[in-house]
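So the structure is just underneath, and the comments pick up after that.
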Amino acid sequence: QQPVQSPQAVILREGEDAVINCSSSKALYSVHWYRQKHGEAPIFLMILLKGGEQKGHDKISASFNEKKQQSSLYLTASQLSYSGTYFCGTELNYGQNFVFGPGTRLSVLP
Amino acid sequence: GAVVSQHPSRVICKSGTSVKIECRSLDFQATTMFWYRQFPKKSLMLMATSNEGSKATYEQGVEKDKFLINHASLTLSTLTVTSAHPEDSSFYICSGQTGFGSGRYYNEQFFGPGTRLTVL
């Protein structure tokens, strides 16, 4: 079952922050986050495992609330290079039932 | 590290012909490879999952006789679109997964650059 992402699209000015949410009605084993630029392949950002992890690197971080089965991706002080479509992907068990969300289109303007 | 290549990047073929797309993990062994299809401005739809040396597992609604997947080694998987029709035109993307315990990554997928198939 495909996870739900919100918002569908967001427009920011450079330096602003954004939060993208991903939620599932099923108990998740892990949540993956990827970014895809137009015409390119998705690139891996990070994985969060059940247990309520929080991970991050540079100005992009994410959390996973196991009770709510929701993950949030935080982009702080956004840069132009952050523009793209962000997909979350969810697993119900290790290596099983992986499915991408519909994506959130992020546009960072100068 | 963790580079995946796909070949060809673009292919145009006539209706009724077959097209083979190769997916290679260049610097890691992919215990599992995935094949996705993506329509413009849409999410990636998983078509099938393949493990080296075993038959691919197809998602519901994907015709396994039409989309033949072979995972011959830990670094190579191929997708053959047989008897292609215009509705098969799409962006096909593969990914390789290293699997738990590799000592380097956990379960993330590394994507190839994709193959744009146009069937005339």
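The values are calculated or read from the model by the stated rules, or taken from the named source; none is laboratory data. Keep in mind it's a predicted model, so treat the numbers as computed, not measured. Neighbour counts are summed over all protein chains in view; Cβ atoms, including those assigned to glycine, are modelled from backbone coordinates with ideal geometry.
For the range A:38-50, taking the residues that are free of Cβ contacts under 8 Å to residues at least 24 places away in the same chain and in contact with a strand residue (DSSP E or B) (Cβ under 8 Å, 6 or more places away or on another chain), the one that is surrounded by the fewest Cβ atoms within 10 Å (Cβ to Cβ) is identified as A:Ile43. Would you call B:Ile93 within 10 Å of the chain's Cα centre (by Cα), surrounded by 17 or more Cβ atoms within 10 Å (Cβ to Cβ), farther than 19 Å from A:Arg35 by Cα and modelled with pLDDT of 95 or more? No: the conditions fail for B:Ile93. When the range A:1-58 is filtered for residues that are of a type in the set (Lys, Arg) and either touching a His at 6+ places or on another chain (Cβ under 6 Å) or part of a strand (DSSP E or B) (or both), the ones remaining, listed by number, are A:Arg13, A:Arg35, A:Lys55. Taken over the range A:88-110, the residue count meeting the criterion of being buried (at least 19 other Cβ atoms within 10 Å of the Cβ) and of a type in the set (A, V, I, L, M, F, W, C) is 5. Of the residues making up the range A:89-98, those that are in a strand (DSSP E or B) and more than 13 Å from the chain's Cα centre (by Cα) are A:Glu91, A:Asn93, A:Gln96.
Residue by residue, here is whether (1) of a type in the set (A, V, I, L, M, F, W, C); (2) more than 12 Å from every other protein chain (Cβ to nearest Cβ) holds:
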site	(1), (2)
B:Lys20	no, yes
B:Ser50	no, yes
B:His71	no, yes
B:His85	no, yes
B:Phe91	yes, no
B:Phe110	yes, no
B:Arg116	no, no
B:Val119	yes, yes
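Confirm whether B:Phe67 is more than 14 Å from chain A (Cβ to nearest Cβ), under 16 Å from the mean Cα position of the chain (by Cα), on the phi < 0 side of the Ramachandran plot and not charged (D, E, K, R). Yes; evaluated as a whole, the condition is true for this residue. Taken over the range A:63-85, the criterion of being of a type outside the set (Ser, Thr, Tyr) and part of a helix (DSSP H, G or I) is satisfied by A:Leu80 alone.
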